[in-house]
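Note sheet for the following structure.
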Amino acid sequence: MIPTLRTSALLAQEVGATLPRVLYILRTRPHIRPAARAGNVRLYDAHAVAQVRYELNAIDARRGDRGRRAKEVSR
């Protein structure tokens, strides 16, 4: 079976966070690595999605709030 890979933007949609927040996690957590590359685009698998979700929840827990999830931000 071919794994489903997603860009950082799709990853952000999947975890319900803003793109800058997800990019921060990907930039500062060297253990979260792309599963593949397509040119300059990094592609992430389901394991990376789970790791990003965990890191976002850990940040929110340390802050003592739910953070600024995309669906909670009023525009």
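At a glance:
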read-out	value
Hits in the stretch 11-36 - residues which are outside any loop (DSSP other than H, G, I, E, B), in contact (Cβ under 8 Å) with a residue 40 or more places away in the chain and polar (S, T, N, Q)	13
Single unsatisfied condition, residue 67 versus (1) part of a loop (DSSP other than H, G, I, E, B); (2) at pLDDT below 95; (3) out of contact with any strand residue (DSSP E or B) (no Cβ under 9 Å at 6 or more places or on another chain)	(3)
Condition met for residue 36 (at pLDDT 90 or above, out of contact with any Phe, Trp or Tyr (no Cβ under 8 Å at 6 or more places or on another chain) and of a type in the set (A, V, I, L, M))	yes
Some residue of the stretch 43-61 being modelled with pLDDT of 95 or more, in a strand (DSSP E or B) and closer than 14 Å to residue 9 by Cα	yes
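The values are calculated or read from the model by the stated rules, or taken from the named source; none is laboratory data. Treat the numbers as computed from the prediction; the structure is a model and nothing was measured. FYI the Cβ positions are ideal-geometry reconstructions off the backbone, even for glycines, and counts take in every protein chain you see.
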